[in-house]
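Everything on this sheet refers to the single structure shown next.
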Ligand SMILES: O=C(O)CCC(=O)C(=O)O
Ligand SMILES: [Fe+2]
């Protein structure tokens, strides 16, 4: 199968669910030999020192911005002119933006015209492509939307997992949380693709299990821009309002996923304080305060597909965190490492 046909088939297999529920997961996403070729180049890039640590700027104290490093995540940009020259040792990955992202935009424009996507017709300037590696105890991602103040036009996110030996017991699932909808944990197994609407799918990832911490977790990420980001499509809550309210509606998830995603230290403390402040200001807002209890109830009444009931979630995350602390570098920092692990369910 040609690469173009492989991509067109991904879109055909995702389109109906994308329109209906805002996200879709597809197994055997790319043609097997293509996915295998991409996967075999990941390690080469890491060995050649091409991956950069994931860093972010954040206002730690009033007025002062600091740069923090996320110890569990690193990446290499695959879009842009320099990618092709610098990544000669990984020819499949370096041509991925051209061979996958552009046909992806074209197929989506054709099959889902209401998305009003940019980036088709060979224009890669509207396409962002990254290879990401998550590894170790702090490899997870906190609750977030991919459309944000710094990326206001993002419309489609496509994640393609590339670790050939990934097993469900390694944990590190991607959790998809549509607003007031059912939550689903997706195992990041080889050649599984997850596509979603960046402006309305809240997501995060769970920490890897103790066994999973030793395994690199590779993913390709493609973001496409659109002309109609945030345009309501008949849902009860417009996307902009969903993103505004989510930190308060899913406050527990925001805080516990943040807690798991970073080692203790100034960065986590600054992020946690900012997250708590955002939640507090929503709770104290006169207009929102009235609707929040109902929204929280509605959010927690929806079924989840996490293999555990809602009441056990914080406990489960804490258990994972404790596993992480026991074996990880943070064990030395005086965190509660000797507590017996609570049973998985009771
Ligand atoms: O690590 C994952 O599975 C999700 C990554 C993600 O959400 C992102 O890069 O925006
Ligand atoms: Fe994301």
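Each row is one residue, and each column tells you yes or no for (1) in contact with a strand residue (DSSP E or B) (Cβ under 7 Å, 6 or more places away or on another chain); (2) within 19 Å of residue 216 (Cβ to Cβ); (3) at pLDDT 85 or above.
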residue: 77; (1), (2), (3): yes, yes, yes
residue: 83; (1), (2), (3): yes, no, no
residue: 90; (1), (2), (3): no, yes, yes
residue: 128; (1), (2), (3): yes, no, yes
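In contact with a strand residue (DSSP E or B) (Cβ under 6 Å, 6 or more places away or on another chain), away from ligand 2 (no atom under 15 Å from the Cβ) and within 19 Å of residue 231 (Cα to Cα): which single residue out of 101, 118, 138 fits that description? First the steps, then the outcome.
Numbers: 101 fails: within 19 Å of residue 231 (Cα to Cα); 138 fails: within 19 Å of residue 231 (Cα to Cα).
Selected residue: 118, the only one of 101, 118, 138 that is in contact with a strand residue (DSSP E or B) (Cβ under 6 Å, 6 or more places away or on another chain), away from ligand 2 (no atom under 15 Å from the Cβ) and within 19 Å of residue 231 (Cα to Cα).
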* Only one of these is assigned to a helix (DSSP H, G or I) and in contact with a strand residue (DSSP E or B) (Cβ under 7 Å, 6 or more places away or on another chain): 240, 271, 295, 258. Name it. => 271
* To do: Test residue 182 against the stated conditions and say whether it is more than 16 Å from ligand 2 (Cβ to nearest atom) and within 25 Å of residue 155 (Cα to Cα).
  => yes
* Asked: Do we find that residue 157 is modelled with pLDDT of 95 or more and in a strand (DSSP E or B) in this structure?
  -> yes
* Asked: Which of the residues spanning segment 125-154 are within 11 Å of ligand 1 (Cβ to nearest atom), closer than 22 Å to residue 233 by Cβ and either part of a loop (DSSP other than H, G, I, E, B) or touching a helix residue (DSSP H, G or I) at 6+ places or on another chain (Cβ under 6 Å) (or both)?
  -> 145, 146, 147, 148, 151
* For segment 179-192, indicate whether the set of residues that are out of contact with any strand residue (DSSP E or B) (no Cβ under 7 Å at 6 or more places or on another chain) and within 11 Å of ligand 1 (Cβ to nearest atom) is non-empty. => yes
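The values are calculated or read from the model by the stated rules, or taken from the named source; none is laboratory data. All values derive from a computational prediction rather than experimental measurement. For neighbour counting, all protein chains shown are included, and Cβ atoms are generated from backbone atoms with ideal geometry for every residue, glycine included.
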